[in-house]
1. Among 84-97, 105-118, 123-136, what's the highest-first ranking by average C-beta atoms within 10 angstrom per residue?
2. So for the pair ILE9, ILE116, with labels modelled 7 Å out along Cα→Cβ, what separation do we get in nm?
3. Note down the nm distance, to one decimal, between modelled labels 7 Å out along Cα→Cβ at THR127 and at SER139.
Amino acid sequence: MKLSTSNLILCSVLLIGNIGCGSKPVDKARKPAPVIAAPITPPAAQPKEKQVYVYSGDRFRDPFVPAGQSSAYQADAVFDPQRATVKGIVFGGQQKGAVLNVGGTGTYFVRDGRIIDIMGKLIEGFTAKVLVNKVIVQSSDDSTYELKIKGSDEEGKPS
């Protein structure tokens with residue numbers, strides 16, 4: 001086989017080009033080092049403010065009073081256990097509580113044997129004991145009222 005002059009020149013240039021670049025023979029056993037790219041950091045996000053819910057009973061309707069009834073707070077309202085009905089009983093880890101509704105005068109809470117109104121004012125002259133399905137209210141003149149949850153044995157009538 002005979003090489004033409006132009007083919008011979010072309011091969012010489014390619015051979016000289018490889019040698020002249022100083023390239024090293026590739027070692028097939030050695031793996032190239034992996035290229036680690038710098039992590040892309042997203043722009044700093046503004047921390048969201050945690051919303052805080054504050055219930056102020058003086059401006060919103062009492063959730064235990066049926067819609068349409070007035071629930072305006074009356075500081076001088078008289079607690080009448082004969083007109084009271086039990087709206088709910090709550091049992092916690094160590095505490096028992098109840099919600100009482102007295103038609104026309106508002107909502108009261110029973111906590112630790114005491115009766116308080118929606119603004120936290122203690123109702124003097126009454127104590128209460130919360131049981132599973134009823135609340136027993138005792139007045140300072142030793143009158144006892146047994147208030148049951150509606151739908152149990154009786155219709156929340158005092159005894």
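Bear in mind that the values in this text are calculations on the coordinates, not laboratory data. Since the model is a prediction, treat every value here as computed from it, not as a measurement. Virtual Cβ from ideal backbone geometry, glycine too; neighbours counted across all protein chains shown.
1. Listed from highest to lowest mean packing, they are 105-118, 123-136, 84-97.
2. 10.5
3. 1.7
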